[in-house]
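Here's the structure we're looking at; comments come further down.
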Amino acid sequence: MQTLTPERRKELELKANDVREGIIRSLLAACSGHSAGSLDMADIFTALYGFIMRHDPQQPDWPERDRLLLSCGHIAPVRYSAMANFGYFPVEELLTLRKFGSRLQGHPERLKLPGLETTSGPLGEGLAQGTGMALGAKLDHDDWRVYVVTSDGEHECGLHWEAVMTAAKFKLDNLTCIVDRNFIQIDGSTEDVMPLEPFADKYRAFNWEVFECDGNDIGQFIEVMERAKAVKGKPQVIVANTVPGKGVSFMEGDYTWHGKPPNKEQADVALRELEATRERILASV
Amino acid sequence: MSSTETLDHAARSMALVDYRDAGALKSLPTRNGFGEGLIEAGTLNKDVLAICADLAESTRMDGFKKAHPAQYIEIGVAEQMLVAMAGGLAAVGKIPWIASYAMFNPGRSWEQVRTIMALNETNVKIAGAHAGVSVGPDGATHQAIEDIAIMRVIPHMTVVVPCDSVQTKKATLALTERFGPVYLRFARDKSPIVTTDATPFEVGKAQTFRAGNDVAIVACGILVYYALIAADELAREDGIDARVVNNHTIKPMDEASIVDAARACGAVVTVEEHQVHGGMGSAVAEALAAKAPVPVEFIGVQDLFGQSGDPIELIEYYGMGTAAIKDAARRAYARKRG
């Protein structure tokens, strides 16, 4: 099990801040896109690319890599920004998000950008594909792992639960589902639109190993992920409680930021806040 | 016509059986050919998997399950999962065949087919069983007659509807070798076997099963046999010499052969066990409107749903039997002569 030193943790927190900055800049350039979920998953994507996953940005099709699937494709800005910040492509390319001819499609397309594992956007489909990959790894006795990032809202899709059943049937302990439990979706609170609670109990009833954590605390997330990796005979789910819009004060907790980008003024405020956060992290011990 | 007369040169070059001799004809369901082909494909390549959604016997995956248990995956009644999970397995180098009734896959799973199989270009193969009204007693809910339309409209997709069980086996093997998303459609009821092991088969290459220059009958699936019988009767009854083309690959369609048949004959009848809207006939009409406009008559289900009944009774009721094909050929022939 890897341990997270305070120095490493600080590096990752700074990196997460960079990822958030990339999200704001790309969304501003695109004039459309999804702010809240992208921002709230910055810490988790940073932890995945910066600490947890076996991967090589120079060899995106390395057969031994861990597979990271983004099921809720609409939060592509966080994945793109994390990929750029971890060396998959130049950070400047983030400014092409959603533009004609860009590799950074509005929803991620595997065939357009090396390093993506699936084409996603239609919700509820990521875990099903991840289940296929994890089963494929088992059939071939490969030791790489599959991580699937999902939104809480997409747990309203029937296909997701077909995958939950199937992964348990085949005892896919090489499969971890990470849920962005931010309680928001386009039309409002998940609990108003379609109640999902008791959320964790649903997975327990389907024979999954369940972990919960603060999804905006890199240290906590890494700690539960390490425990999840050690589970034998069962797939694991991490219910990561996040604050939508995390890192930008006027977006935090406001569902109306699910599907819209900041304008120039708002982006300037957001970037100043992130700069202040950077200073705070650097000053911390 | 007596079976002592030899078949024409087109039929002989395709090594067809003498379909005019009812006593010599064998009948088997096209799905049997899928089952046989799948077992062979699984022997040839251990990356070939069969994923089943609780229909092992009726899709004929049960033989594969016995022959290759380590390559067989059962996931229960979950057709969207069937496609999505196969996408994941294909992404790591497997060649998954997924089977259900065509009504449920691709019927229920269409968006997953579009996004995960086609847009993402994965090497997943769909076997759509129980297509057409000839499913029979199960009724309209289980009779897929829109599937060709919804599959051929998707970019990157290959769509194949073989004419009998022998050809279905060949198609299964050929499509396993062909990289990319594939839809193979077959039927439930037994149907006459007109091809032999010696009959060539190539994805994307239409086959002339009967020579003729008065009208071209372009058919697919189990109705190819009906088209051949109709053509022989037309020759005898009307002196109309019909060409019969087995247009088994609807996408990518062999446009050159279809255009050639239209130019040679000047009139076309399309024959399929599918809605007349959007299916093989529409594909032919699209090609001909652009490249060789001639009168076209469409045999298929006329914008209706199926119902319970005996398979042959239903084919007749919905206007796809030999009498209907002959009438359509006469109409097309008359239209070309003005």
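The values are calculated or read from the model by the stated rules, or taken from the named source; none is laboratory data. What you see is a predicted model; the values in this text were computed from it and never measured. In this analysis, Cβ positions are derived from the backbone assuming ideal geometry, glycine residues included, and neighbour counts consider all displayed protein chains.
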Could you name every one of the helices (runs of 4 or more DSSP H) located completely within segment A:146-260 that has at least 2 residues being buried (at least 23 other Cβ atoms within 10 Å of the Cβ)? A:158-169, A:218-229
Just checking, does segment B:90-111 include any residue being in a helix (DSSP H, G or I), more than 21 Å from B:Leu173 (Cα to Cα) and more than 7 Å from chain A (Cβ to nearest Cβ)? yes
Quick check: anything in segment B:213-227 part of a loop (DSSP other than H, G, I, E, B), more than 21 Å from B:Leu304 (Cβ to Cβ) and either outside the structural domain of B:Gly321 (by TED's automatic domain parsing) or touching a helix residue (DSSP H, G or I) at 6+ places or on another chain (Cβ under 9 Å) (or both)? yes
All positions within segment A:9-57 that are of a type in the set (Val, Ile, Thr) and surrounded by fewer than 24 Cβ atoms within 10 Å (Cβ to Cβ): A:Ile52
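Name the residues in segment A:213-259 that are among the charged types (D, E, K, R) and modelled with pLDDT of 95 or more, would you?
Hits for segment A:213-259 are A:Asp214, A:Asp217, A:Glu223, A:Glu226, A:Arg227, A:Lys229, A:Lys232, A:Lys234, A:Lys246, A:Glu252.
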Okay, strands (runs of 3 or more DSSP E) sitting entirely in segment B:243-338 with 1 or more residues that are β-branched (Val, Ile, Thr) and over 18 Å from B:Phe209 (Cα atoms), I get B:296-301
The one condition in (1) at positive phi; (2) at pLDDT 95 or above that A:Gly188 fails to fulfil: (2)
Regarding segment A:161-183, can at least one residue be identified that is within 14 Å of chain B (Cβ to nearest Cβ), touching a Cys at 6+ places or on another chain (Cβ under 9 Å) and under 28 Å from A:His34 (Cα atoms)? yes
Mind listing whichever residues of segment B:98-114 are under 16 Å from B:Ile51 (Cβ atoms), under 19 Å from the mean Cα position of the chain (by Cα) and either surrounded by fewer than 24 Cβ atoms within 10 Å (Cβ to Cβ) or not assigned by TED's automatic domain parsing to the domain that holds B:Glu74 (or both)? B:Phe104
Select, from A:Phe170, A:Phe221, A:Phe211, A:Phe183, the only residue that is aromatic (Phe, Trp, Tyr) and under 18 Å from A:Gly124 (Cα atoms). A:Phe183
Examine segment A:120-130 for a residue that is free of Cβ contacts under 8 Å to residues at least 12 places away in the same chain, touching a helix residue (DSSP H, G or I) at 6+ places or on another chain (Cβ under 9 Å) and crowded, with 24+ Cβ neighbours inside 10 Å, and state whether such a residue exists. no
